[in-house]
Amino acid sequence: MSPTANVLSRKLRHGGVARSPLADTELLGETFARGVEDRIRLLVKTVIGTETAAPRVSRLADATGSVTGPAVLGLVDVEDADTPGLIAVESDLAYHLIDLTLGADAGQAPEPVARPLTAIDMALCRLHLDAILAAFGHAIGANLGRPLTKGLAEAERHAEHQDVDVVGGGSG
């Protein structure tokens, strides 16, 4: 057995989680949250706050499995990558962002409504999704220490409901 094959077999047998290829995922999360705040604030004309959860890589069906009720789901094409990313905005947040974009009172969240997202809702959400993607691209560039040269673009956007099949199926 060649030395290369021996190293490869040891790596394949080794269990556990690999470390992130990014130097500082905490910095990535903070930069991303700040970028979302800055970009969304321009759309909603009020002060907002964001938080980021721990990053994870999962199959599309697993990632969307916890989405209940109406939600805005967008598949993100990453230039030169075979696998798209997923961006999801749950209905409460989507309705609140739409409400604020249309000039509602920032101090009051809209009453939760179980209604499908309309074409107008989806068009307005495009602005928010574009802002979130721009913030993400900037955060990755900041983490790498240079601007991101690969493009991130929304490939598809859908309003999903609990009883509708997941966009793109379940391949990972």
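The numbers here are math on the coordinates, done by the rules we state, and not lab data. On a predicted model such as this, the values are computed, not experimentally measured, just so you know. Note: ideal-geometry Cβ built from the backbone for every residue, glycine included; neighbour counts use all protein chains shown.
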* Where residues in region 47-97 are of a type in the set (Asp, Glu) and farther than 19 Å from ALA131 by Cβ, which of them is surrounded by the most Cβ atoms within 10 Å (Cβ to Cβ)? -> ASP62
* **Residue list for region 72-121, filter: in contact (Cβ under 8 Å) with a residue 60 or more places away in the chain and more than 21 Å from the chain's Cα centre (by Cα)** => ALA106
* Every residue from region 73-94 that is acidic (Asp, Glu) and within 21 Å of VAL113 (Cα to Cα) -> GLU90, ASP92
* Take ALA123 and decide whether it is aliphatic (A, V, I, L, M) and either in a loop (DSSP other than H, G, I, E, B) or touching a strand residue (DSSP E or B) at 6+ places or on another chain (Cβ under 9 Å) (or both). => no
